[in-house]
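Chemist: Before we start, here is the structure in question, set down as structure tokens.
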Amino acid sequence: MHHLRLRSLPEADRVQFSADWRNVQTRFVDDPSGAVHAADDLIKDVMRACGYSVDRFDQRVADLSVEHANVVQHYRSARELADANREGRTNTEELRQAFVHYRALFADLLEQPELPGQQLQQAREQARA
């Protein structure tokens, strides 16, 4: 049986992960493909720090669906685009979409509410840049 010991992130970890996210987001400008890969890795790091198993994608999705059901579809969509990227089947707009999906999950994992209205639009524009 699969047992998780989930925990909230200490504030220091939240701050560090947020800084890591900003670095990945900045990287998108020059290397969209690499930034999407780095975002996927960062999501796994945050999940691991929260107590999730990160060995298999299907298990990660199942585990997330319990506590983060409102954003699990973002993870599926981001991963689908990231996989297509690894196979050379994406364009920059699709990579930007993957990044926006990862951002929604990232915010939820860090227990930061999804950015409302104008802030969300700004985050999307930054990811697009």
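Coordinate-derived values only; no laboratory data. Just so it is clear, the model here is predicted, and its values are computed rather than measured. Every residue, glycine as well, gets a Cβ built from its backbone with ideal geometry; the counts of neighbours run over all protein chains shown.
Chemist: Given 0.36 nm per residue, what is the gain on full extension from residue 18 to residue 5 after removing their alpha carbon distance, in nm?
Modeler: The residue 18-residue 5 span can extend by a further 2.4 nm.
Chemist: Per 5 Å bin, what is the whole-percent P(r) computed from every C-alpha pair distance within segment 11-128?
Modeler: 2, 12, 23, 26, 21, 12, 3, 0
Chemist: Would you please give the FRET efficiency between residue 53 and residue 30, computed as 1/(1 + (r/R0)^6) with r the Cβ-Cβ distance and R0 = 30 Å, to the nearest 0.05?
Modeler: It comes to 0.35.
Chemist: Going through segment 46-93, which GluC sites (Glu not before Pro) have at most 10 other Cβ atoms within 10 Å and a DSSP loop state?
Modeler: 87
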